[in-house]
1. For His135, what accessible area in Å² do you get when you roll a 1.4 Å probe over the heavy atoms of the protein chains, rounding to the nearest 10?
2. How high is the relative contact order of segment 417-526, in percent, with contacts defined as C-alpha pairs under 8 Å that are six or more residues apart?
3. Using the heavy atoms of the protein chains alone and a 1.4 angstrom probe, what is the accessible area of segment 472-610 per residue in square angstrom?
4. In whole Hz and in residue order, list the ³J(HN,Hα) couplings for segment 245-261 that follow from phi through the Karplus curve 6.51 cos²θ - 1.76 cosθ + 1.60, θ = phi - 60°; x for Gly and Pro.
5. Under the classification rounded if a/c is under 1.5, otherwise prolate if a/b is larger than b/c and oblate if not, where does segment 236-342 fall, given a ≥ b ≥ c as square roots of the Cα gyration tensor eigenvalues?
6. Using modelled backbone amide H atoms (1.01 Å from N, in-plane), which distant-in-sequence or interchain residues come within less than 5 Å of Ala404's amide H?
7. Could you list which residues have their amide H under 5 Å from that of Phe481, counting only those 5 or more apart in sequence or on another chain, with H placed in the peptide plane?
8. Could you check how much of the accessible area of segment 428-526 is carbon and sulfur, as a whole percent, using a 1.4 Å probe?
Amino acid sequence: MTMPDLEHALDALTGRVASLRAARAAYPSDLAPTLDAALAELDTAAELLAAAREELRKAPKRAPGRKDGGQRELKLLRQVFRAFPVPVIVLDGGGVVRRINPETSRMLGSPDGYLVGRSFPLLVDVSRRAAFRSHLTSVLQTGQPAAFETRLAHQGRTHTVQLALTRLTMPGEPQQMVAAVALPTEVQLPEPGARRPEQSDGALLLAAARRQDLLTRMGRLLLDEEALLRPVVLQRAARLLASEWADWVLADMVRDGVPRRAVVAAPKNHPLGGLVRQVESAEPAGSQLVLQVLERGSGVVLEMVDDDALLGFCADGPLLTAMGAGSVLCVPIGHSDGALTLVRAHDRPPFALADLAVMQEVGVQMGLAVRAQSSFQSRSLAADALSASVAPRNLPDVPGFEAAAVYHPGASVGAEFYDVFPVSGGWGFALGGAAGKGEEAASVSAMVRGGLRVLSVWESDPDLVMRKVNEALTTQGTGMFVMAAAGFVTGREIRLSSAGHHPAALLQPDGGVRFAAGGGVPLGISPEAETRVETLTIAPGETLLLYSEGLISSRNEHGEPYGEERLADALSRCAGQAPSTVVKAVEADRHAFSGGQVWDEIVVFALRCV
């Protein structure tokens, strides 16, 4: 074939291509004839390419810089390929896209050239990928064309297409290629030059608004009180993301230096067992994607999954294949405390860089919430431990007496304590509290309580015990002082020592109430303790009551304090009743007086002689 003949043939091919385009526009539903004609033109183009190659072989070598006829013809063929009226993709032997014409880009909704270098089988429906690979191999080996129906999914669009494969030998390529023609059978091709819907101004504004709304909702969800009280941060965040942003949401947290799967949120149409269990049991340490994100501390977005093994494997093979993944996004949780992975199927729009930016912020918020919850729990446990250190779980039996107490925590970790313990030759009790709130005040109260209990084993006088505890407290230099009262019970006698504490109340069987001396200087103020000591003889039926500052200082809506006078009135109505009834009645009266408000800790301790 001479060069003029080749040029004439190419001109004719260009004209027939234009006719095909016009026919396709005039009869969009009549696809079969168009497909047959397109295949015939592809065969013609292949023959022309072969003829051009032979001409190039025969032609003498030309000086550098001069354009020969073969280059002109190749340029013309490329123009014909771009102008072809049907979607055409040129694949290499491995199924990687080497060329793609504009019609294919318009059909799939991707930018020109975006798919070049990517694996075409990943566009094929998961259930039909194996069949596609078999057809591709057969065409390459036998040279016989193949045509079959399959589904393509990309950029949120799904097309059922008639796919035709033809072996193609291209000049300058050492290996044989395959030309694939894809004609949709269920969707109408967009008009040439039409703007992609996802690029419209309205759609972009809506997408930005949705991302902002997600951040707002996520912030409210993670700042909710329940997120601090219970370990629900990851579960709630995953459910929110799975409801709108992804088909699968996986949260992996680093524990003992190894990522562990913590949460899996699956599509609603997946039963709890089966694939969901496999995803839950898969080890994230085997995921290249998770390890990469944790190592680098930055997120990754894959608009197209080109390696199905990135998330590891399950019993059914690569996890991403089993999940039908089309697009994947993975970001760190906190400062590489974990990794958040989102997976979208082929029939949904892929994740974009804007989504990556939003999810990076979501990961930061989740990390802060997880750390806050962990810190809150640690402090809560510490507070519980401190509370346990200043109040006994159960009161022991004191021979000849009945004892009961009520303890009501305040708005923060407090410092009130009470205790009943054995002493040299009998039993002892103590009640008091450091002036202050928080963990430091509670620890000082615990130290005083422990000191009173330990020293009482060797000392027979509560006042001597109080003085030694005062000496230890001032030596420690805590800067805090403690109001306390301690008493030793011997028979029916109670020897009381008070260091700045409220006076004890004595409820008599006839309802009369009188108060002990109380007073003194709180512990920890001066190395020389100034206490008040007295000895009380308790008759059968009489009840000794000790109480905290929080009870007396409780106020009503008018700002009036509860006070000792109201306490006496409440006690007089409890004459002859058991200590457990007395303490509950006092607490109920205070509750009614203050409208249920509690600011400071309340301790009421009663000891009744029987």
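1. Looks like 60 Å² after rounding.
2. Numbers: 208 pairs, mean separation 28.9, N = 110.
Normalised by residue count, the contact order of segment 417-526 is 26 percent.
3. Details: 5960 Å² over 139 residues.
I get 43 Å² per residue for segment 472-610.
4. Values per residue, Gly and Pro as x: 9, 7, 7, 10, 10, 10, 10, 10, 10, 7, 10, 6, x, 10, x, 10, 6 Hz.
5. Details: a/c = 1.33, a/b = 1.26, b/c = 1.05.
Because its axes are fairly even, with a/c under 1.5, segment 236-342 counts as rounded.
6. Close amide H contacts, sequence-distant or interchain: Ala606.
7. Placed amide hydrogens put Ala435 under 5 Å from Phe481.
8. Details: 2110 of 3920 Å².
Here it works out to 54 percent.
The values are calculated or read from the model by the stated rules, or taken from the named source; none is laboratory data. Source: prediction; values computed, not measured. A quick note on method: Cβ atoms are made from the backbone with ideal geometry, for glycine too, and the neighbour counts reach across all protein chains shown. Heavy atoms of the whole protein, side chains included, go into the accessibility calculation; ligands, DNA and RNA do not. Shrake-Rupley method; radii C 1.70, N 1.55, O 1.52, S 1.80 Å.
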